[in-house]
Amino acid sequence: QVQLVESGGGLVQAGGSLRLSCEASGRTLSGYDLGWFRQAPGKERQYVVRIRKNSDTTYYANSVKGRFTVSADNAKNTMYLQMNSLKPEDTAVYYCAADQHIVTSQRSDYWGSGTQVTVSS
């Protein structure tokens, strides 16, 4: 079992920045497919970024490409999402996820409980 806990969300003005953290326990994140997802009120959970299993390859949603950067600190067993140039449409609950194969918005093996990001205009 893997436990994931997100933190770092909050209220920020448009154009500002936040860094989200996803701390894992129970098992090392090494060897897992990893990702960040978000869900706005009344909307389905959407893919934000994925780190391919056993790879440095990352895949960003077009809506965040060039503004968000994902990284992982193996020593801390923590994944981060640096969010710059935030827009009101980025407002959502952000979730981190891990999967033995491929993370998806519906079928990832493990999820955190989410952290709220609110971007004001």
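Here are the numbers for this structure:
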| read-out | value |
| --- | --- |
| Residue within the range 62-79 that is open to solvent by 30 Å² or more (accessible area, probe 1.4 Å) and in contact with a Lys or Arg (Cβ under 7 Å, 6 or more places away or on another chain) present | no |
| Failed item, numbered, when Gln3 is tested on (1) touching a strand residue (DSSP E or B) at 6+ places or on another chain (Cβ under 7 Å); (2) modelled with pLDDT of 95 or more; (3) open to solvent by 50 Å² or more (accessible area, probe 1.4 Å); (4) more than 21 Å from Arg107 (Cα to Cα) | (4) |
| Any hit, the range 40-55, residues being in contact (Cβ under 8 Å) with a residue 60 or more places away in the chain and open to solvent by 30 Å² or more (accessible area, probe 1.4 Å) | yes |
| Test: residue in the range 88-103 that is without any contact (Cβ under 8 Å) to a residue 12 or more places away in the chain, open to solvent by 30 Å² or more (accessible area, probe 1.4 Å) and either touching an Asp or Glu at 6+ places or on another chain (Cβ under 9 Å) or in a strand (DSSP E or B) (or both) | no |
| Total residues in the range 24-39, condition part of a strand (DSSP E or B) and surrounded by fewer than 18 Cβ atoms within 10 Å (Cβ to Cβ) | 2 |
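The values are calculated or read from the model by the stated rules, or taken from the named source; none is laboratory data. From a predicted model like this one, the values you see are computed outputs, not experimental measurements. Cβ coordinates were reconstructed from backbone atoms using ideal geometry, including for glycine residues, and neighbour counts include every protein chain displayed. When the accessible area is computed, the model is the full protein with side chains, heavy atoms only, and any ligands, DNA or RNA have been set aside. Shrake-Rupley method; radii C 1.70, N 1.55, O 1.52, S 1.80 Å.
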